[in-house]
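Student: One structure coming up, written as structure tokens, with questions to follow.
The values are calculated or read from the model by the stated rules, or taken from the named source; none is laboratory data. Treat the numbers as computed from the prediction; the structure is a model and nothing was measured. Ideal geometry is used to build each Cβ from the backbone, glycine not excepted, and the neighbour counts take in all protein chains shown. Surface accessibility is based on the protein's heavy atoms, side chains included, excluding ligands, DNA and RNA. Shrake-Rupley method; radii C 1.70, N 1.55, O 1.52, S 1.80 Å.
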Amino acid sequence: MPNPLWHDHFIPTIGVIKEMMDIMEIDGDTDFRRSPVPGSAAEPPGTSPGQEAFRMGKIITPGTPAQLGAFGLFRPAKSQNRILTPTTQPLAVEAADDMLWVDFAELCGGLMSTADYLALAADYGTWVIDGVPSPSIGSAAGSASAWQRFSHVVDILHDQDITLFLVGHGPLNWDVAGDPAHRTGSQQTSVQPVDLARIASRLALLGRVEAPEPFEEVEAAGS
């Protein structure tokens, strides 16, 4: 496990796997986690049962008002500010009805746990995670621990079939960031490739909404 945060904890499990299981190497270029699960004949091609709501989500860059408005998303008003305490950690969010709008740094940069994310998933059926840093650009917000928590969030929302919108200035391309050929020194230490590969396998189910112009031009036009 390249991620040093969890390597030591998993070493005993590796020993048990080698002792009690037959290990078969799958050597190929295909990531089968991204292959659609075959459904019934009545289902449209490429539909995976149990993730209908999750598949409705989008990865939106750079997140202009027009892009968000096309999906009924409008940045929350101050009256929607909330401090939630799903278990023990307070979390500053904007919440209205069934929608939770939260900043990446607030959600993943602190001390939130999997139990917190599960409790929030039970209360909100649509999540908007704003300010998602680019995984291909090293930053404090994109530390290894933050990406680890983000990976937990994505797993939970996928398994609970919750609609997820990711909004960031971009580019939000986990495939490229997870490829060692595209990482430089700072990226190799701040973001672990195992985390990115797992994130990418889930987020490949989401559609993408990207501005045709360079991000800098779009941002200037909207300011």
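Student: Here are 100, 73, 84, 120: which of them is open to solvent by less than 50 Å² (accessible area, probe 1.4 Å) and touching a residue at least 60 places away in the same chain (Cβ under 8 Å)?
Tutor: 73
Student: Looking at this structure, is residue 146 open to solvent by less than 60 Å² (accessible area, probe 1.4 Å), assigned to a helix (DSSP H, G or I) and over 23 Å from residue 205 (Cα atoms)? Steps first, please.
Tutor: Details: open to solvent by less than 60 Å² (accessible area, probe 1.4 Å): yes; assigned to a helix (DSSP H, G or I): yes; over 23 Å from residue 205 (Cα atoms): no.
Considered against the rule, which asks whether it is open to solvent by less than 60 Å² (accessible area, probe 1.4 Å), assigned to a helix (DSSP H, G or I) and over 23 Å from residue 205 (Cα atoms), residue 146 comes out as no.
Per-residue answers, yes or no, for (1) charged (D, E, K, R); (2) modelled with pLDDT under 90:
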| residue | (1), (2) |
| --- | --- |
| 104 | no, no |
| 110 | no, no |
| 113 | no, no |
| 128 | no, no |
| 136 | no, yes |
| 143 | no, yes |
| 154 | no, no |
| 161 | yes, no |
| 176 | no, yes |
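Student: Please note which strands (runs of 3 or more DSSP E) are completely contained in segment 66-137 and include at least 2 residues that are within 17 Å of the chain's Cα centre (by Cα). Walk me through how you get there before you give the answer.
Tutor: Working: elements: 81-84, 91-96, 99-103, 126-130.
Here the list reads 99-103, 126-130.
Student: Run down 51, 67 and say which single residue is at pLDDT 55 or above and more than 19 Å from residue 169 (Cα to Cα).
Tutor: Values: 67 fails: more than 19 Å from residue 169 (Cα to Cα).
Every option except 51 fails the conditions.
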